[in-house]
């Protein structure tokens, strides 16, 4: 009997990476094999992102390239998974004739059934959102490695006016604490060294009387030699309890991704972000006092509807006050179905572009200054593998998520913890020499 081969490409955020592992877990348990290349596959799936328009355009372009494969192999099933499936199902099925199946983030259990429908020549469609689905009982398929991403909750209830996530991933619901801890135990036994807990807003996590700080503590206790990271936090819900939990465990990384989006209270109100800049800066100050050496990254949108030069300058001022280690910076992209889509996109593209350039330039300057301050210091690194540019060098990351490159040594391998003395820096990378190995305990 021939087992069908499935090939998956994943686009977008780490949530989609985790979802692809869930999909593979479901399909593997139903007899599917994993193909390394689309040409070897009976099923080609694209796990998609709808956060920005260019992410969707990449998928449309990729579908064009699969058309050539399907012309030579008419029985090939092409499916769209994830946020784009939920948002654009009508267009994908009716206009893009190459697509045989669209499956939203809450319908992955039905994939074997929907694939059978697609193989029979019908369209396989599953795009309903759920208020309960967490895939708590599904064992994700993961190759052996160092790092794993675990979705601890799904959906979002914040309804920021620019964001499609509540419409494509549904409302918030959390996995049980015990199932997450059990998954981390399994990863520890397999030799994984770092786990990132994922949610659109992890601070909203709740399992009966357990909150996110309780979950983070329980995960940290599983294996003191395993690093624990998390993303993303919403400024409205970041608690003192969570900050003290981070400070209390050496294996919880001193790194917080805390999206600010804008430095203007007026724009934050239009975005429905539910906090003020004053509240946000107070959180930053509190975290710096409670967690020694804490680092921050953020998200910033440039050119939101009605944004003025004064609003833009407010964003630059917040960046200068906080001094983020890094930032994800984008021009505003109207998303159909959101409240902001009904606002006039009145900031000219050239103005958006110029403001974004100023934001990027400032962030690069700040990142370089922060990294230069580390020259001469000793940093603790988890070795992740060979450097992207040369096999003569290895690379890893610090607790604060900075990439460090250093010369290869015979007795140092992927997964080791080492101390590196920093010799030089760029805005994005630290360079140094190995001092010694150490144990994270």
Contact order normalised by residue count of the chain, Cα under 8 Å, 6+ apart, percent | 10
Compute the FRET efficiency between residue 33 and residue 139 as 1/(1 + (r/R0)^6), taking r as their Cβ-Cβ distance and R0 = 22 Å, and round to the nearest 0.05.
-> 0.85
Centroid-to-centroid separation of region 396-421 and region 192-230 [C-alpha atoms, Å] | 24
The rounded separation in angstrom of the Cα centers of region 335-368 and region 153-169 is 20
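What are the equivalent ellipsoid semi-axes of the chain, built from the alpha-carbon gyration tensor (square roots of five times its eigenvalues), in whole angstrom, biggest first?
35, 29, 22
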Would you compute, from DSSP H runs of 4+ residues alone, the mean residue ellipticity of the chain at 222 nm, taking -39500 (n - 2.57) per run and dividing by the full residue count, rounded to the nearest 500?
-> -10000 deg cm²/dmol
Residue order, fewest to most surrounding Cβ atoms within 10 angstrom, among 70, 123 | 123, 70
Residue exposure sequence - 275, 324 - by fewest surrounding Cβ within 10 Å = 275, 324
Going fewest to most other Cβ atoms within 10 Å around each Cβ, 211, 137 line up as 137, 211
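Where a number appears in this text, it was derived from the coordinates with a stated rule and is not lab data. All values reported here derive from a predicted model rather than from experimental measurement. Using ideal geometry, Cβ is built from the backbone for each residue, glycine included, and neighbour counts are taken over all protein chains shown.
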